[in-house]
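Where a number appears in this text, it was derived from the coordinates with a stated rule and is not lab data. Treat the numbers as computed from the prediction; the structure is a model and nothing was measured. Positions of Cβ are backbone-derived with ideal geometry, glycine not excepted, and every protein chain shown enters the neighbour counts.
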Amino acid sequence: MMLSIIIPLYNCAAYVERCILSIYAQGLNERDFEVIVVNDGSTDGGEKIVEELAKTRPNLFLLSQENKGLSVTRNRGVEVARGRYVQFLDADDYLIPNGMPRLLKTAVDNNVDILVFKTKRVEDTIALGLPEHKEVLNENYKVSPVLTGYEAEIYESMPEYIFSVNYMFMRRQMYIDHNLRFATDMAFGEDGIVSMQLFINANRVMVTDCLIHRYVNRISSLCNSHAKKIHVNRIRCYKKAAIEFHRINETHKDRSAQGYDLHRQRINLFIFFYLYGAMKDDIPTSELIAEIKELREHDLYPIGTFEYFGYTGFKNKFLIAFCNTGGLFTLSHRILHLFR
């Protein structure tokens, strides 16, 4: 078994069939891969669609559980997977046909720990009632030489969004050897923590420009949700993720000066998202003050720049400076919230 594709399923009945069929349109031998759908307590009947598809596909498996969140769902998928490599695929996303055989052969022939590919954001044709785009994969993509995980982090064509685990093959044994798990107390940023540890421990990584993955910009998805409770939880997770990124980065700070600086900028960006979000949403001032104190204790406040990620304009520099004013920032937060 070469590849286990793990699909967390939660209320994606309108999309999951397209997702699964895009895997079976890859041209892989069905003995070489398995598809594991973990139904996380869906209420829209999506699991019934998977059950019907599984009747004619012996390597398609459905597991069901009460709603426990994405991290528990992913962890369970990895626990039952049998493939040499693991790939995660969201139930509302899909793959362009016929790309997997070459990617998998590249991974196997070069005995890599991680093989990176790319994604392209597309509109939600299903929700909009539009016809599907029939795309053909451009096979003239570049493939890097074999790199260490440290080299891959700063490789010139490494996509910035690499800290989502959805855009790579990962050797399953790495999860086992390093006891990696997705944090169950975080709804955002948890995949970045796992991805960062995978790269730190990877000795053989290849980076491709293969645009096989399609990320559907679904308005109703969790990442796009503006529901107050979800949004506040996301803001708090930015801070949690920053602290954990910092812990890992400091533990491995000698691995690569460039890699260390890159992650430090990513940490700064997460803290900025937390502070900016706290100003706009229902984070109590007392909580904000306590969190800034903790960030100071970790030498993460005042925050530095994150120009690597394109935040170079005057507005961003002004906002960073304002976030770094300490008492003035928290006083402004208190006054703003009094008038809400």
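Of the beta bridges in the chain, as assigned by DSSP with both residues counted there, near 25 percent are antiparallel. Here each label is just a point 7 Å from Cα along the line to Cβ, and for ALA321 and ARG334 those points are 2.5 nm apart. Tell me whether the stretch 254-315 comes out rounded, prolate or oblate; compute the Cα gyration tensor, take square roots of the eigenvalues as a ≥ b ≥ c, and use a/c under 1.5 as the rounded threshold. Oblate is the answer for the stretch 254-315, as a/c is 1.5 or above yet b/c matches or exceeds a/b.
Ellipticity at 222 nm from helices only: DSSP H runs of n ≥ 4 in the chain, each -39500 (n - 2.57), divided by the residue count, give -13500 deg cm²/dmol.
Multiplying the residue separation of GLU307 and SER164 by 0.36 nm and removing their Cα-Cα distance gives an extension gain of 49.5 nm. Listed by number, the DSSP H helices of the chain that run 15 Å or longer by alpha-carbon position along their axis and have mean Kyte hydropathy of at least 0.0 are 190-201, 327-338. Each distinct pair of alpha carbons in the chain adds a 1/r term; the inverse of their mean, the Kirkwood radius, is 21.4 Å. Loop-located GluC sites (Glu not before Pro) across the stretch 156-192 with a Cβ neighbour count of 11 or fewer within 10 Å are GLU156, with loop assigned by DSSP. Computed from label points 7 Å out along Cα-Cβ, the spacing between ARG57 and ASP44 is 1.8 nm.
Rank-order 175-187, 61-73, 230-242, 118-130 by packing density, defined as the average count of other C-beta atoms within 10 Å over each peptide's residues, highest first. Write down the numbers at each step before the final one.
On the way: 175-187: 14.8, 61-73: 16.7, 230-242: 19.4, 118-130: 12.8.
Per-residue mean Cβ counts within 10 Å order the peptides as 230-242, 61-73, 175-187, 118-130.
When only the Cβ of Lys, Arg, Asp and Glu is charged (+1, +1, -1, -1), the dipole of the stretch 59-139 relative to its Cα centre reaches about 300 debye. Take the Cβ atoms of PHE314 and ARG82, set R0 to 56 Å, and the FRET efficiency comes out at 0.55. The relative contact order of the chain, computed from alpha carbon pairs under 8 Å that lie at least 6 residues apart in sequence, is 17 percent.
Restricting the calculation to Cα atoms, the stretch 225-338 shows an Rg/Rh of 0.97 when the hydrodynamic-style radius is the Kirkwood one. By the count of other C-beta atoms within 10 Å, a proxy for reagent exposure, VAL86, VAL146 are ordered fewest to most as VAL146, VAL86. In the stretch 225-338, a dipole from Cβ-located charges (positive for Lys and Arg, negative for Asp and Glu) runs towards its positive end, and of HIS333, ILE248, GLN258 it is HIS333 whose Cα lies farthest in that direction.
Provide the three semi-axes, in whole Å and in decreasing order, of the ellipsoid equivalent to the stretch 95-188 as defined by the square roots of 5 times the Cα gyration tensor eigenvalues. Present the calculation step by step, with values, prior to reporting the outcome.
Working: eigenvalues 139, 83, 36 Å².
For the stretch 95-188, the semi-axes come out at 26, 20, 13 Å.
Pairs from the list LYS229/LYS293; LYS253/LYS280; LYS239/LYS317 with a Cα-Cα gap above 27 Å: LYS253/LYS280. Maximal additional length on extending the ILE154-LYS253 stretch stands at 34.2 nm, based on 0.36 nm per residue less the C-alpha distance.
Lysine pair count for the stretch 3-223 with Cα-Cα distance under 24 Å and sequence separation of 8 or more or different chains is 9.
Place the peptides 21-27, 8-14, 328-334 in order of packing, highest mean first, counting for every residue the other Cβ atoms within 10 Å and averaging per peptide. Walk me through the numbers on the way to the answer.
On the way: 21-27: 17.1, 8-14: 21.6, 328-334: 15.3.
Result, highest mean Cβ count within 10 Å first: 8-14, 21-27, 328-334.
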